[in-house]
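Below: one structure, written as structure tokens.
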Amino acid sequence: MSLLRIDNLDLDIYGTPILKGVSLEIGQGEIHGIIGESGSGKSMTALSVMQLLPEGSQCRGAVHLDGVSVLEADEAALCAMRGDAVGMVFQEPMTALNPLQTIGAQVAETILIHQDVSRSEALARAAKVLRRCELPPEQFPLSRYPHELSGGQRQRVVIAMAIALRPKLLIADEPTTALDVTTQADILRLIQQLVREDGMSVMFITHDLAVVTGLADRISIMRHGAVVEQGGGASLHHKMQHPYTKSLFAASSHQPERAVPAPDAPLLKVEGLVRSYPAGRRSLFGTAKRVLAVDDVSFEIQKGESVGLVGESGCGKSTLTRAILGLEATQAGRIYLGGDEVLSGGQASADVRRKMQVVFQDPYGSFNPRHKVDRLVSEPFHLLGRKATAAEIDEALVSVGLTPADKHKYIHEFSGGQRQRIAIARALIIKPELIILDEAVSALDVSIRAQILDLLADLSERYGLTYLFISHDLSVVRSITDRVLVMKQGRIVDQGPSEALFSNPQHPYTKSLIEAVPVLPGA
Amino acid sequence: MLRYTVLRTGSLLISLIVASLVIFFTLEVVPGDPASFMLGINAQPETIAALREELGLNLSPWARYVGWVTGLVQGDLGVSYTYRTPVAEIVAERLVISLPLAGYALALTILIAFPVGIWAATRRGSVADISVMGATQLGIAIPNFWFAMLMVLVFAINLRWFSAGGFPGWDEGFWVSKKALTLPAISLALPQASILARVMRSSLLDTLDQDYIRTARAKGLTKGQALRGHALRNALIPVLTIIGLQFSFLLAGAIIIENVFFLPGLGRLVFQAISQRDLIVVESVVMLLVFAVIMVNFLVDLAYSWVDPRLRGRR
Amino acid sequence: MRNLVLGLCLTVLFVLGALVSFVWTPYDHAALEIANKLKPPSLAHWFGTDHLGRDILSMIMVGARTSIAVAIVAVGIGIGLGVPLGLLAAAKSGSLLDEVIMRSNDLIFAFPSLLIAIMITAVFGPSAVNAIIAIGIFNIPVFARVTRGAALSLWTRDYVLAARVAGKGALRISVEHILPNVTNLLIVQGTIQFSLGILAEAALSYVGLGAQPPTPSWGRMLADSQTLFMLAPHITLFPGFAILLTVLGLNLAGDGLRDLIDPKLRRGAR
């Protein structure tokens, strides 16, 4: 008998159809993965089960949870159900907790709402639940506030709140998307363990096929508000037939075709680079402590090479990037680009800077919304001290797969993938030698990401570009780089040719990173 | 927490010192000699010189500044040029009207704004919400002194519920005095309450959209429980800032409203002092008001750290 | 949208009134006709006459000039000095300069415009120009704060980083990338400060610290009416409504503009 049964669910928000005839079943103790790209309606399906939809939502169809019709239940019955029969974990642990309340109070609240127990008993039980979620009260007292915890720890608090009453169903909406790979692996393991112990059913929502295939008993693939295919877990990709599912699998393990570069002269040379910040605010008395964001880093990149720089958040890779770009003052060390020093006398010269450009992560924040594409793309010409010609702008746009007519448009007229192409055009336009790709494909859906990776591979061949590819996503780095640097706490702890490093990691940290990455079966 | 308080206290002191410098030296450049003004045009030069000596006007500006500030710290505000009595006494007499008036108005502001703001926020988009917000638009646009005149017209002259102005003195009993301050306090409070109600509403709407409210609802809290348990305290943070700012508007507004109701408060004192060139009184009153504003904002800053654990220093 | 239209209509009405008064008013606003004093509204005098027999409608039209001029110049002072300071503070965020600018802002906030006006009046005597300066000084930190706050978040955008990669300096980035993206906010804040300026001018004139006779002003009309409004309420009502409606119009227009510019803030619609 199934615990959750969704029949032909339609959802409109202010008349706009969001879900179209979604049907799915989750059995007792079953983990059901729901996969889809952004806007596919996967989160709305979850919120429909909770009936926590945005204002103006209208559901049709049927949702039965443990025999109770959710769509027909009144608000009081729904409140009694939420938190007790169903727990929910959200994507963004940084904002999911009330910043003004202790974690103990927030976990205890779930218990206090549903059961007639004293506050002290609820707190005692909250401590037990937090311990189950691997936040032992000895290290993490109940009196901690959310801002005193890391992202992964906060997510454990959210999970503790969700499972405090051992609900029958746990809904996890992208619970690991905002986390680093190793933290992601820990949280996934925790969820699996809790599910096993309590016999919970789970609705696990993610955009990442690899995360769910190792975990789920069954999965549903969603697109444009409808379920396109459902199937069994591990062997899913063999059995699944729908073209969209296939393309999704293909894109997830996409390997752009790249020519192996012949080793050439070194282009970028970093020697003993140190960058430190004052630690927090200066203490009132005594001297300022300093944090080493980049700690004695040295490496070289050959001309034509594509080098990956991986590390978890806070490892110093962004600081290093900015230092290479000449945007940060450094305390020690030198950076050479094509033989010239990037920072000479505290100032980065235009002559050096014109040899490198950068592409950022966020396709939405990378452009001034008030300028047209031609002005946006030609901005680096400031380094050459002249304006771009129309021909140069057209060439840059065409080379990234856009048309010259696009230059008269504003940035909001483009999709995320197109914007990232424009960002690449901006980087290319002054024909630099080095392009730094700072998480350049991380914000994109898998299918778009595959296209951009192909474009990058193609461009590097055509223009003989050198890439420094910075990412937290190891599988992407593996597919597009020749060599990888692994960074941890400001230091480069490991490096080597990509293939060797990934298939046979030697350094313990590299090993733990690679083991943490969820893999698609058969990939 | 301690560090935060120490830092805040430091910046409080700096603000006070700079404010006193600004006030003193702005008024220092005033043309015209208070001594000759006080004695009239027919005074003998010797008398003027003697008075200048007595008032300390012959000292260098810095020496007089230091003397003034030292006096301030000890509660000695100097001697009024015109009344020839200690300024502290005159000010104290007026303060017992102006300060209760501002406090009364602040209390009314909060008592009106909080319920109205919360009530409107929980009914976002409804007819009730729209009409209440329309009313606050009117409240903000009304000049408070004109509103005060209208209230006198209606409640004092037509209905005869209140007296049209004047102040009986606190000796007449708390309720009598309070009644005399009621119309002034309402006219001060209404525009500020309109502003605060709008701030409360929009701040609450912002917090109600936050992820942690969804988390709370997923735990099984009703909308009301989530509002009381999680949204209100978070929504209070921007509201506190506005309350701090409003206090200075209330003080300044009180100066004007005292004119409408013929209340012998600081406002009337200041206008008299200006027309009589009694600069020491102007200086002291302005300094006192600025001190009050800076103190209130200091208290608001401390209140932040009480509301928001993120400011209590990291463990 | 309805708010915006209503607000703009009211604003335009008063601006038109002020402009028309330069070439035509029903009567000479300064002409005394003691025989005709305190007349209630009639066909001859739509808004009645005051205690000196002057036509109130004409005085309101001419008074609108004072109010609008004071408020516009005061907002101009606030924008002209506050916006560059805010941009500078944001560009050098965390530096000593930023700290000094923001601390001085906090300090000015401790002097409500009325206190500034009191001090200026004590020094230079009351006048419309001094009222402008007092309100203008108070506007500086308002605009500096708004600008700095918005600019700070813009400085973290990738497009600013991209501009830095393109070798552009802080000044150029402030002008090219920051300023255009804070204009919307400044327009909205400008309307709010404009309406506050009209209120402040009225208050200052009411207590005698603003425009001096013979310059007509709404605040002084109310002050003049104070002892007589029991006899002839219309001499209080009309100038008061003039202030109320102008300020209301500007506030509605400001809110409407903000909603138009930033759809996220459109609360009522949801």
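The values are calculated or read from the model by the stated rules, or taken from the named source; none is laboratory data. Please read these numbers as outputs of a predicted model, since none were measured by experiment. Cβ placement follows ideal geometry from the backbone for every residue including glycine, while neighbour counts extend to all protein chains displayed. SASA here: full protein model, heavy atoms, side chains in, ligands and nucleic acids out. Shrake-Rupley method; radii C 1.70, N 1.55, O 1.52, S 1.80 Å.
Per-structure values
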read-out: Helix A:151-163 vs. chain A, principal-axis angle (Cα, 0 to 90°, nearest 10); value: 10 degrees
read-out: Highest average packing first - B:159-165, C:71-77, A:368-374, Cβ atoms within 10 Å; value: C:71-77, A:368-374, B:159-165
read-out: At R0 = 51 Å, FRET efficiency that the Cβ-Cβ distance of A:T389 and C:F241 yields, to 0.05; value: 0.25
read-out: Candidate residues A:L9, B:L77: accessible-area rank, largest first, probe 1.4 Å; value: B:L77, A:L9
read-out: Ellipticity estimate at 222 nm from DSSP helix runs (n ≥ 4, -39,500 (n - 2.57)) divided over chain A, nearest 500; value: -9500 deg cm²/dmol
read-out: Cα shape, segment A:10-85, gyration tensor, a/c 1.5 rule; value: oblate
read-out: Relative packing of peptides A:419-426, C:17-24 - highest average C-beta neighbours within 10 Å first; value: A:419-426, C:17-24
read-out: Segment C:167-270 - Rg (one decimal) and Dmax (whole number), Cα, Å; value: 19.9, 72
read-out: Per-residue average of Cβ from other chains inside 10 Å of C:153-159; value: 5
read-out: Normalised contact order of chain A, rounded percent, pairs of Cα under 8 Å and 6 or more residues apart; value: 15 percent
read-out: A:E341/B:L111 FRET efficiency (R0 60 Å; Cβ-Cβ; nearest 0.05); value: 0.35
read-out: Solvent-accessible surface ranking, highest first, for A:E439, A:E392, A:E25 at 1.4 angstrom; value: A:E25, A:E392, A:E439
read-out: Point-charge dipole on Cβ atoms (K/R +1, D/E -1) for the protein assembly as shown, about Cα centre, debye to 20; value: 340 debye
read-out: Inter-chain Cβ neighbour average for residues A:76-84, partner chain, 10 Å; value: 3
read-out: Debye intensity ratio in log₁₀ form over the Cα atoms of segment B:252-307, taken at each q of 0.14, 0.21, 0.23 Å⁻¹; value: -0.48, -0.79, -0.86
read-out: Most to least packed among C:145-157, C:236-248, B:286-298 [average Cβ atoms within 10 Å]; value: C:236-248, B:286-298, C:145-157
read-out: Relative contact order, percent, segment B:20-178 [alpha-carbon distance under 8 Å, six or more residues apart]; value: 9 percent
read-out: Residue range of chain A that is longest and free of chymotrypsin sites (Phe, Trp or Tyr not before Pro) which are both DSSP loop and sparsely packed (at most 16 other C-beta within 10 Å); value: A:15-284
read-out: Helix-only [θ]222 nm of chain B, DSSP H runs n ≥ 4, -39500 (n - 2.57) each, per residue, nearest 500; value: -25000 deg cm²/dmol
read-out: Computed FRET value (nearest 0.05) for B:N158 with A:E197, which takes r as the C-beta separation and R₀ as 60 Å; value: 0.20
read-out: Anisotropy class of chain B from Cα gyration tensor, a/c 1.5 cut; value: oblate
read-out: Cα principal axis extents for the protein assembly as shown, largest first, Å; value: 107, 72, 62
read-out: Chain C: angle of helix C:56-91 to the longest principal axis, Cα-based, in degrees nearest 10; value: 10 degrees
read-out: Where only alpha carbons of chain A are counted, the Rg and the Dmax (Å); value: 25.3, 75
read-out: Of the trypsin sites (Lys or Arg not before Pro) in segment C:35-129, those whose Cβ has at most 15 other Cβ within 10 Å and which sit in DSSP loop; value: C:K92
read-out: Cα-projected label distance for B:A43 with A:T403, points at 7 Å along beta-carbon direction, nm; value: 8.8 nm
read-out: Electrostatic dipole magnitude of segment A:160-234 [Cβ: Lys, Arg +1; Asp, Glu -1; Cα centre; debye, to 20]; value: 220 debye
read-out: Pair A:E257, B:E93: separation of 7 Å Cα→Cβ label points (nm); value: 9.9 nm
read-out: Accessible-area value, A:C59, 1.4 Å probe, nucleic acids and ligands omitted, Å²; value: 40 Å²
read-out: Inter-chain shielding of C:167-173 (mean C-beta neighbours from other protein chains, 10 Å cut-off); value: 3
read-out: Computed over segment A:2-247: relative contact order in percent, which uses C-alpha pairs under 8 Å that are six or more apart; value: 28 percent
read-out: Convex hull (Cα only) mean projected area of segment A:2-247, reported in nm² to one decimal; value: 13.1 nm²
read-out: Label-point separation, A:R166 to B:V300 (7 Å along Cα→Cβ), nm; value: 5.1 nm
read-out: Loop-located GluC sites (Glu not before Pro) in segment A:39-86 whose Cβ has at most 15 other Cβ within 10 Å (DSSP); value: A:E55, A:E72
read-out: Model label zone, C:Q212; criterion: amide N under 19 Å from point 7 Å along Cα-to-beta-carbon; scope segment B:268-289; value: B:271-279
read-out: Calculated [θ] (222 nm, deg cm²/dmol) that DSSP helices of n ≥ 4 give over chain C, each run adding -39,500 (n - 2.57); value: -23500 deg cm²/dmol
read-out: Rounded if a/c under 1.5, otherwise prolate or oblate - chain C, Cα gyration tensor axes; value: prolate
read-out: Positive dipole terminus of chain B, leading residue within B:L2, B:A231, B:F291 (C-beta point charges); value: B:A231
read-out: Stretch gain in nm, segment A:Q489-A:A62, where the contour uses 0.36 nm per residue and the Cα spacing is subtracted; value: 148.6 nm
read-out: Cross-link table A:K128/A:K488; A:K409/A:K431; A:K407/C:K168; A:K303/A:K372, entries beyond 29 Å C-alpha to C-alpha; value: A:K128/A:K488; A:K303/A:K372
read-out: Percentage of interatomic Cα-Cα distances in segment C:51-209 larger than 27 Å; value: 35 percent
